[in-house]
Every structure is written in structure tokens, then in C-alpha cells.
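*Asks:* Below is one structure. I have some questions about it.
The values are calculated or read from the model by the stated rules, or taken from the named source; none is laboratory data. Note that the structure is a prediction, hence the values are computed from the model and not measured. Here the Cβ positions follow ideal geometry from the backbone for every residue, glycine too, while neighbour counts run over all protein chains shown.
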2 protein chains.
Amino acid sequence: MERDFIKDLGYLGFTMRLKRLSDALIHSGRKLYKDLDLEIEPNMFSVFKLLEDRGSTSITEIAEAIGMAHPSVIAITNKMIAKDLIYADKDSEDSRKKVLNLTQKGRDKSTEYNAIWEIGNSAMHKELNDLNALEFLEQLEQVFEKKDFRQYLLKEMSQDMEIVQDNDLYHADFYALNIEWLKKYFYVEDYDETVLSNPKKYIVDEGGYLFYAKLNGKVVGTVALIQRDNGVYELSKMAVTDKFQGLRIGYKLMMACIDFTKKHKFNGLFLDSNTALEPAINLYRKVGFVEIPVPKDTPYERCNIRMELPLD
Amino acid sequence: MERDFIKDLGYLGFTMRLKRLSDALIHSGRKLYKDLDLEIEPNMFSVFKLLEDRGSTSITEIAEAIGMAHPSVIAITNKMIAKDLIYADKDSEDSRKKVLNLTQKGRDKSTEYNAIWEIGNSAMHKELNDLNALEFLEQLEQVFEKKDFRQYLLKEMSQDMEIVQDNDLYHADFYALNIEWLKKYFYVEDYDETVLSNPKKYIVDEGGYLFYAKLNGKVVGTVALIQRDNGVYELSKMAVTDKFQGLRIGYKLMMACIDFTKKHKFNGLFLDSNTALEPAINLYRKVGFVEIPVPKDTPYERCNIRMELPLD
DNA sequence: TATCTTTGTGTAGTTAACTACCTAATTATG
DNA sequence: CATAATTAGGTAGTTAACTACACAAAGATA
């Protein structure tokens with residue numbers, strides 16, 4: 001038997017090994033059930049135990065209790081209904097709801113199954129108790145689930161996020177991110193389409209600047225400084241992909257613009273926004289913007305608040 | 001958030017929780033790759049690392065090294081070939097073999113991917129090192145893989161295995177198990193079909209006895225004592241399902257027959273077998289049977305050895 | 001009270017592992 | 001040296017989870 005390569009990968013192989021182990025366990029469980037001609041599959045176990053314990057339970061309640069997506073529960077319970085182990089009733093109060101219960105056959109089988117499960121339980125106990133396996137698993141779950149490991153990784157990665165000012169590259173990303181943002185919060189006005197399709201003409205050539213947030217080489221946010229009056233700039237076209245929340249991409253873009261404004265000694269910096277976008281407004285306030293009166297002549301319908309950055 | 005039902009199940013829920021955790025990790029990994037537009041999927045990771053490390057490797061070598069079934073590896077590597085991350089060459093010495101290697105693009109991507117993986121590695125390290133997670137996983141793997149948990153469970157269950165003598169029930173199992181056994185080791189002779197189809201006429205009514213091994217209510221082995229001369233019995237029709245190896249089912253059936261023979265003070269007990277069935281012959285010797293000459297008139301072609309149990 | 005939002009269930013499509021079986025090439029054996 | 005057994009790669013079918021979306025009922029809100 002060859003050396004196990006995955007083990008040599010250390011923590012990088014951890015996930016794979018966990019999957020391999022759990023797959024193997026589920027597999028051997030299924031094989032055992034099949035060999036013993038028990039008409040049950042490993043994934044039915046939780047549902048069985050839950051209904052034994054609680055009686056009438058709906059599909060989403062089951063999904064919630066056993067920590068699965070509800071379509072998975074539907075698949076499992078449909079099989080169990082087909083095998084006459086459980087039956088479904090309409091809920092008397094909520095006609096959308098199905099409540100599931102063990103049938104008589106299900107309760108009878110329960111005795112048989114519990115005998116096997118009890119043997120499994122005591123075997124696991126005997127082998128795993130010295131390892132404090134349950135306690136360990138609990139801690140693992142906390143590390144990965146509660147802390148949201150994906151988010152955690154992203155935050156680590158975001159330390160390498162860079163804000164770049166570039167007027168020539170990434171125009172396609174500029175368009176895509178802004179349209180995505182507009183579609184999500186408002187709708188695309190004609191003037192948006194015009195400007196976003198041709199940032200060179202409408203922003204750069206008018207003395208403006210384009211900024212991008214880049215994560216791992218990928219553009220994940222944009223903002224533009226657009227010259228309005230001589231030396232007075234509007235901070236606009238702020239758009240951040242919604243795939244990466246919590247990385248403070250917006251904040252970093254703002255700060256880059258403010259630094260740029262100060263460094264180039266612009267005469268003023270303001271922005272137009274909408275009071276419905278509370279998190280954004282809060283961010284603007286946080287970095288120093290203060291509310292000023294809205295003029296009548298803004299080109300966008302969606303703006304109902306104007307803020308400006310007091311410059312020393 | 002409701003109390004987690006699976007956790008209340010203790011060791012019974014261990015497998016489910018392990019699966020849930022590993023599924024969640026793989027899922028969030030895939031999502032992260034997708035969000036970052038990396039054209040890689042979680043299961044490609046091991047293959048990537050292996051080829052980076054070793055260069056030219058064949059499909060079965062990969063499967064062996066990362067602990068997966070070879071069709072899974074084929075699926076993964078086909079996707080990687082389609083993405084031009086690896087390429088396949090015929091082995092120069094063995095024309096059945098394909099050797100896989102990273103392409104130039106694959107090597108280039110490797111840099112990019114390793115940056116992410118390194119962040120993952122250090123994040124995992126930071127979170128898991130205090131838990132001694134790798135060490136723990138190693139121990140878990142040993143408990144479940146090396147010890148073959150299914151086998152372990154079966155052995156626990158086999159303590160409840162019972163050998164029953166019954167001439168009326170289970171004739172269908174008697175037929176099925178013996179035919180299964182014959183098809184596996186020899187072929188079904190006409191006389192087998194005759195006897196097995198009607199054990200009442202050919203065994204019971206001739207003064208014989210049928211024995212069954214029952215595990216968890218299911219018949220998993222048979223044997224018969226068939227009266228030949230007056231009070232002299234042949235031990236025959238020994239058949240054990242090949243689903244449950246290592247439970248000493250054959251041994252227990254043998255011992256039940258021997259006890260029965262002694263209790264009823266039979267005049268003799270012998271059996272016919274074939275020297276090719278070494279494990280069986282060894283078992284017969286172990287419980288006390290000794291070889292005697294083979295007569296010319298046995299009804300079965302497959303027998304080339306006769307053994308008898310010396311009775312006090 | 002009319003409309004919007006949330007909730008409960010269901011379907012379709014994706015991903016990923018497995019076993020069982022197949023063919024062809026290589027190696028072992030009588 | 002012919003034939004049998006093993007090995008390498010591949011296909012088909014099974015199981016099981018997920019997300020995304022659809023639709024209807026119930027609840028919230030203007």
C-alpha cells in the first residue's frame with residue numbers, strides 16, 4: 001500500500017480527507033442495510049429518528065431540524081412514503097403544509113432498526129469515546145459553520161485587495177458591475193447606458209478618473225471621479241459585486257477617492273445618492289461626507305440626497 | 001435558531017454530522033472558486049497537487065494516491081483536459097496506460113491557485129492547530145478505515161446470531177443460498193436442483209434435518225444432516241451467503257450439527273467435499289473431521305474427498 | 001382591503017461520489 | 001506457446017446532496 005498523498009498535504013488535504021471519511025462511512029452503512037435486507041437508507045435515519053421523537057412534523061421543520069435543504073428532505077420523505085414507512089397529511093390550519101408521521105409499519109420497523117442503531121451506537125461509543133470525538137466534532141463545526149469559513153478566507157484574501165486608478169483598462173468590468181448594481185437597486189436609465197458604455201468620452205475625456213478594486217486579479221468594484229465644475233468632482237458609479245460582502249470593498253474605494261482628491265488638491269468632492277440606500281449613506285457619513293441641499297438639475301431620477309466632503 | 005436535533009442523537013448522529021460538515025466545506029469551496037472565476041473545482045485540487053508534485057501519473061495511480069475509485073478520477077481528469085489544464089499521453093511501454101501531465105496553462109494557473117490554497121492552508125492552520133485537528137483526523141481514519149467499521153458492526157451483531165433447526169420453514173432460503181453457493185464455486189447439477197427444490201421429500205422425509213443461521217431475523221446460512229445408512233448421517237448442503245464474511249457462520253453451523261449428532265447419538269457423521277475448497281476443508285479438520293477413502297458411488301461429480309467425524 | 005412579502009412545497013438541473021460491468025493489453029501459467 | 005488471470009481505462013446506472021426557480025397560501029403592511 002502506497003503512502004497516502006492526501007495526508008502529505010497537511011491542512012490543505014483536510015477537507016478532502018473529511019469528505020473521504022464521511023463518504024466511506026455512509027457507503028458502508030448503505031451496504032450494511034442492503035446486506036441485511038433492511039428497506040432503509042442511511043439518509044432516512046435522521047428523519048426516522050425525528051418522527052419517532054416528535055411525531056407530526058412538516059417538511060421544512062424536518063429540514064431545519066436535521067440541517068438539510070428542503071428539497072433533499074422531500075426526496076428522502078418521498079422514498080419513505082413509497083415504502084409505506086411514513087404518511088403525509090394536510091395540516092388542519094395551514095393548507096400549504098404537509099405533516100409527516102410514521103405509519104404503523106414504520107413504527108414496527110422502528111424496533112428492528114433501533115436494535116441495529118443501538119449496536120452501532122455502542123460500537124461508536126467504545127471506539128470514539130477515548131478520542132472525545134463528539135466534543136471534537138462540535139469544535140470543528142463551530143470553526144467552520146459558525147465562523148463561515150468562506151467569509152473568513154475572503155477576509156484573509158482581501159488583505160491582498162488592491163485599489164487601482166486606471167483610465168484605459170477594465171471598461172468592460174466598469175460597465176458590467178454598474179449595470180448589475182443598477183438592476184439590483186433601481187433600473188437602468190437611458191443616461192446610465194450612455195455613460196457606462198463610453199466612460200472614455202463621458203468621464204475620462206471630461207477630466208475624470210476611474211478606480212477599480214481588484215481581488216486576486218479580478219475586478220470586484222468600481223468608482224469614478226467625474227469633473228463637474230472646474231476642479232469640483234462628483235464621486236459616482238460606485239458599484240461593488242454582491243458576491244463579496246463584508247470585505248469593505250466600498251470603504252476602500254471611497255478612501256482611495258478621498259486620498260486622490262486631497263493629493264490632487266481638487267476644489268470640491270460631492271456625491272448624489274438615495275436615502276433608501278442606508279448602508280451606503282452611513283458609509284459616506286463615516287468617511288466624512290455631510291448632507292447638502294439637492295439641486296434641481298441632476299441627470300438621474302434616483303437621486304434624492306447630495307453629500308459633500310468638507311476639504312481643509 | 002432551533003436546537004440541532006442531530007446533535008442530540010450523540011454517536012448515532014456522528015456520521016450525519018461528519019457528512020454535513022464535509023458537504024458544507026466542499027460547497028463553500030466550490031462557491032469561492034466560482035466567485036473568483038477560477039476555472040477549477042474542489043475535487044480537482046488533489047489531482048492538481050499530485051501532478052504538480054510527481055509529473056506523469058496514470059489514472060489508476062492517481063486513484064490509488066488520492067484514495068478514490070478510478071471512474072471518479074476519469075471524470076475529474078476529463079474535465080481538466082477539457083479546460084486544457086492537463087493533457088494525456090500514451091505510455092511508451094504499456095499501451096493500455098494513459099499518463100497525465102500538467103499543460104503549460106496548468107502550470108501557469110498553478111501559481112494563481114497555490115496563492116489561494118496557501119491562504120486556505122494558513123487559515124486552517126490558525127483555526128485548527130489548537131485542536132490538533134490533523135492528529136484527530138488521523139485517529140478517526142484509523143478507527144473507521146483500518147478497522148473496517150462495517151465488519152466490526154457485523155461482528156457485534158453476530159453475537160446475536162442464532163442457529164436454528166427447523167424442517168418446515170425457510171425452504172426458499174435453503175434453495176436460494178445453496179444455488180448461490182453452487183453457482184459461485186461449481187455449477188448446478190441436475191440432482192442438486194432436484195434435492196434443493198424439494199428438501200421435504202429428499203431430506204426431511206428420509207429422516208434428515210435442516211439447520212439455518214439467522215442474523216437479525218435474516219437467514220444467512222444453511223446446512224443439512226441427511227440420513228444415508230441407518231443412523232449414519234451426511235453433513236451436506238452447507239451454504240453461507242458471501243455478504244457476511246468473517247462472522248464464523250460456517251463454524252457455528254458445523255458446531256450445531258456436531259452437537260445435534262452427539263445429542264441424538266447418531267451412528268456416524270461424514271461429509272463429501274472438494275479439495276479445491278481449502279478453507280472449508282480446514283474448517284472440517286479443525287472441528288474434528290478426518291479424511292477417509294472416497295467411495296465410487298457418490299451422486300455428485302464435484303466431490304473428491306470424504307471426511308468423517310470420529311464419535312466416541 | 002388591496003398589494004407586497006414571506007413561507008411551504010415542489011421541480012429541474014448541477015455536482016460528485018460510488019459499484020458493476022465492459023474491452024483491450026499485459027502478464028502468468030500449464 | 002496457447003490460454004487464463006490480472007490490470008488499465010472506460011461506460012452506465014445509482015445515490016445524494018445542493019442551488020435556482022416556480023407557484024400558491026398565509027401574513028404583513030400601506
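*Asks:* Anything in region B:125-146 that is under 13 Å from A:ALA133 (Cβ atoms) and among the hydrophobic types (A, V, I, L, M, F, W, C)? List them, or say none.
*Replies:* B:LEU131, B:ALA133, B:PHE136, B:LEU137, B:LEU140, B:VAL143, B:PHE144
*Asks:* Do the conditions hold for A:VAL47, that is, is it more than 9 Å from DNA strand C (Cβ to nearest atom), in the same structural domain as A:ALA115 (by TED's automatic domain parsing) and in a helix (DSSP H, G or I)?
*Replies:* So A:VAL47 fits the description; yes.
*Asks:* Assess whether A:ALA256 counts as being closer than 30 Å to B:GLU39 by Cβ and surrounded by 17 or more Cβ atoms within 10 Å (Cβ to Cβ). First the steps, then the outcome.
*Replies:* Working: closer than 30 Å to B:GLU39 by Cβ: yes; surrounded by 17 or more Cβ atoms within 10 Å (Cβ to Cβ): yes.
Considered against the rule, which asks whether it is closer than 30 Å to B:GLU39 by Cβ and surrounded by 17 or more Cβ atoms within 10 Å (Cβ to Cβ), A:ALA256 comes out as yes.
*Asks:* Continuing with the same structure: Restricting the first residue to region A:95-122 and requiring it to be in a helix (DSSP H, G or I), which pairs with a second residue that is acidic (Asp, Glu) meet a Cβ separation below 7 Å and a spacing of at least six or different chains?
*Replies:* If the second residue must be acidic (Asp, Glu), the pairs left are A:LYS105/A:ASP84; A:SER110/A:GLU52; A:ILE119/B:GLU156.
*Asks:* Considering only residues that are more than 7 Å from chain A (Cβ to nearest Cβ), under 16 Å from A:GLN139 (Cβ atoms) and among the polar types (S, T, N, Q), which ones fall in region B:121-141?
*Replies:* B:ASN129, B:ASN132
*Asks:* Within region A:74-83, can one find any residue that is touching a Ser or Thr at 6+ places or on another chain (Cβ under 6 Å) and within 14 Å of DNA strand D (Cβ to nearest atom)? Show your work before the answer.
*Replies:* Of the residues in region A:74-83, the ones touching a Ser or Thr at 6+ places or on another chain (Cβ under 6 Å) are none.
No, region A:74-83 contains no residue that is touching a Ser or Thr at 6+ places or on another chain (Cβ under 6 Å) and within 14 Å of DNA strand D (Cβ to nearest atom).
*Asks:* Next up: Only one of (1) surrounded by fewer than 18 Cβ atoms within 10 Å (Cβ to Cβ); (2) under 19 Å from A:GLY250 (Cα atoms); (3) not assigned by TED's automatic domain parsing to the domain that holds A:VAL223 is not met by A:ASP166, so which one is it?
*Replies:* (3) is the only condition that A:ASP166 fails.
*Asks:* Quick check: anything in region A:172-195 of a type outside the set (Lys, Arg), over 22 Å from A:CYS303 (Cα atoms) and modelled with pLDDT of 90 or more? So that I can check it myself, show each step before the final result.
*Replies:* To start, the set of residues in region A:172-195 that are of a type outside the set (Lys, Arg) comprises A:172-182, A:185-195.
Retained after the next criterion (residues that are over 22 Å from A:CYS303 (Cα atoms)): A:172-173.
Now narrow it down to the ones that are modelled with pLDDT of 90 or more: A:172-173.
Yes: one or more hits.
*Asks:* In region B:33-46, how many residues are within 11 Å of DNA strand D (Cβ to nearest atom) and in contact (Cβ under 8 Å) with a residue 24 or more places away in the chain?
*Replies:* Step one: list which residues in region B:33-46 are within 11 Å of DNA strand D (Cβ to nearest atom), which gives B:34-35.
This time we only want the ones that are in contact (Cβ under 8 Å) with a residue 24 or more places away in the chain, so: none.
Within region B:33-46, residues that are within 11 Å of DNA strand D (Cβ to nearest atom) and in contact (Cβ under 8 Å) with a residue 24 or more places away in the chain number 0.
*Asks:* Looking only at region A:12-33, filter to residues that are within 22 Å of A:VAL143 (Cα to Cα) and of a type outside the set (D, E, K, R); which one of those is nearest to DNA strand C (Cβ to nearest atom)?
*Replies:* Keep residues of region A:12-33 that are within 22 Å of A:VAL143 (Cα to Cα), which gives A:12-23.
After this cut, where a residue has to be of a type outside the set (D, E, K, R) as well, the list is A:12-16, A:18, A:21-22.
Numbers: A:LEU12: 15, A:GLY13: 12, A:PHE14: 14, A:THR15: 10, A:MET16: 8, A:LEU18: 12, A:LEU21: 11, A:SER22: 10 Å.
Step by step, filter region A:12-33, then rank; the result is A:MET16.
*Asks:* Cβ-Cβ distance below 6 Å, separation of 6 or more or different chains: which pairs start in region A:7-32 with a residue that is at the interface with chain B (Cβ under 7 Å from one of its Cβ atoms) and end on one that is polar (S, T, N, Q)?
*Replies:* A:TYR11/B:ASN121; A:LEU12/B:ASN121; A:MET16/B:SER46; A:LEU18/B:SER22; A:LYS19/B:SER22; A:SER22/B:SER22; A:LEU25/B:THR15
*Asks:* I would also like to ask the following. Output the number of residues of region B:193-231 satisfying the condition of being more than 18 Å from B:SER273 (Cα to Cα), under 33 Å from the mean Cα position of the chain (by Cα) and hydroxyl-bearing (Ser, Thr, Tyr).
*Replies:* Number satisfying all stated conditions: 4.
*Asks:* State whether one or more residues within region B:69-79 are among the small types (Gly, Ala, Ser), away from DNA strand C (no atom under 11 Å from the Cβ) and either part of a loop (DSSP other than H, G, I, E, B) or over 30 Å from A:GLN151 (Cβ atoms) (or both).
*Replies:* no
Yes or no, residue by residue, for (1) of a type in the set (Lys, Arg); (2) in contact (Cβ under 8 Å) with a residue 12 or more places away in the chain; (3) under 30 Å from A:LYS31 (Cβ atoms):
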residue: B:ASP190; (1), (2), (3): no, no, no
residue: B:ILE203; (1), (2), (3): no, yes, no
residue: B:LYS214; (1), (2), (3): yes, yes, yes
residue: B:GLY221; (1), (2), (3): no, yes, yes
residue: B:LEU225; (1), (2), (3): no, yes, no
residue: B:ASN230; (1), (2), (3): no, yes, no
residue: B:TYR251; (1), (2), (3): no, yes, yes
residue: B:ASP259; (1), (2), (3): no, no, no
residue: B:ASP297; (1), (2), (3): no, no, no
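*Asks:* Something else about it: Can you find a residue in region A:131-143 that is part of a helix (DSSP H, G or I) and over 25 Å from B:ASP23 (Cβ atoms)? Steps first, please.
*Replies:* At the first step, the residues of region A:131-143 found to be part of a helix (DSSP H, G or I) are A:131, A:133-143.
From what's left, over 25 Å from B:ASP23 (Cβ atoms): none.
No, there is no match, as no residue in region A:131-143 is part of a helix (DSSP H, G or I) and over 25 Å from B:ASP23 (Cβ atoms).
*Asks:* With the structure loaded, tell me whether B:PHE144 is under 30 Å from A:LEU32 (Cβ atoms), more than 24 Å from the chain's Cα centre (by Cα) and within 12 Å of chain A (Cβ to nearest Cβ) or whether it fails that test. Talk me through it step by step, then tell me what you get.
*Replies:* Values: under 30 Å from A:LEU32 (Cβ atoms): yes; more than 24 Å from the chain's Cα centre (by Cα): no; within 12 Å of chain A (Cβ to nearest Cβ): yes.
Criteria not met by B:PHE144.
*Asks:* Moving to a separate point now. Output the residues belonging to region B:48-65 that are surrounded by 19 or more Cβ atoms within 10 Å (Cβ to Cβ) and away from DNA strand D (no atom under 13 Å from the Cβ).
*Replies:* Once the filter is applied, which keeps residues that are surrounded by 19 or more Cβ atoms within 10 Å (Cβ to Cβ) and away from DNA strand D (no atom under 13 Å from the Cβ), region B:48-65 yields B:PHE48, B:LYS49, B:LEU50, B:LEU51.
*Asks:* Turning to a different aspect of this structure: Do the conditions hold for B:SER58, that is, is it within 14 Å of DNA strand C (Cβ to nearest atom) and touching a residue at least 40 places away in the same chain (Cβ under 8 Å)? So that I can check it myself, show each step before the final result.
*Replies:* On the way: within 14 Å of DNA strand C (Cβ to nearest atom): yes; touching a residue at least 40 places away in the same chain (Cβ under 8 Å): yes.
Yes: the conditions hold for B:SER58.
*Asks:* Whether any residue in region A:40-60 is among the acidic types (Asp, Glu), within 8 Å of another protein chain (Cβ to nearest Cβ) and farther than 23 Å from B:GLU141 by Cα is what I want to check.
*Replies:* Residues of region A:40-60 that are among the acidic types (Asp, Glu), as a first pass: A:41, A:52-53.
Applying the additional criterion that residues be within 8 Å of another protein chain (Cβ to nearest Cβ) yields A:53.
Next cut, farther than 23 Å from B:GLU141 by Cα only: A:53.
Within region A:40-60, one or more residues are among the acidic types (Asp, Glu), within 8 Å of another protein chain (Cβ to nearest Cβ) and farther than 23 Å from B:GLU141 by Cα.
*Asks:* Do we find a residue being of a type in the set (Ser, Thr, Tyr) and in contact with a Leu (Cβ under 6 Å, 6 or more places away or on another chain) anywhere in region B:159-170?
*Replies:* Kept after step one, since they are of a type in the set (Ser, Thr, Tyr), are these residues of region B:159-170: B:170.
Still in the running and in contact with a Leu (Cβ under 6 Å, 6 or more places away or on another chain): none.
Checked against the condition, which is being of a type in the set (Ser, Thr, Tyr) and in contact with a Leu (Cβ under 6 Å, 6 or more places away or on another chain), region B:159-170 yields no hits at all.
*Asks:* Within region A:80-89, identify whether any single residue is within 14 Å of chain B (Cβ to nearest Cβ), buried (at least 16 other Cβ atoms within 10 Å of the Cβ) and either within 13 Å of DNA strand C (Cβ to nearest atom) or not in a helix (DSSP H, G or I) (or both), and answer yes or no.
*Replies:* Within region A:80-89, the first condition is being within 14 Å of chain B (Cβ to nearest Cβ), and the residues that meet it are none.
No, region A:80-89 contains no residue that is within 14 Å of chain B (Cβ to nearest Cβ), buried (at least 16 other Cβ atoms within 10 Å of the Cβ) and either within 13 Å of DNA strand C (Cβ to nearest atom) or not in a helix (DSSP H, G or I) (or both).
*Asks:* Within region B:273-289, work out how many residues are out of contact with any helix residue (DSSP H, G or I) (no Cβ under 9 Å at 6 or more places or on another chain) and farther than 21 Å from B:ASP242 by Cα. Spell out the reasoning first.
*Replies:* Of the residues in region B:273-289, the ones out of contact with any helix residue (DSSP H, G or I) (no Cβ under 9 Å at 6 or more places or on another chain) are B:278, B:281-282, B:285.
In the following step, the residues that additionally are farther than 21 Å from B:ASP242 by Cα were identified as B:285.
The total comes to 1.
*Asks:* Okay, moving on. Evaluate the following for B:PHE266: is it more than 25 Å from B:VAL188 (Cα to Cα) and aromatic (Phe, Trp, Tyr)? Please lay out each step first, then the result.
*Replies:* Values: more than 25 Å from B:VAL188 (Cα to Cα): yes; aromatic (Phe, Trp, Tyr): yes.
In short, yes.
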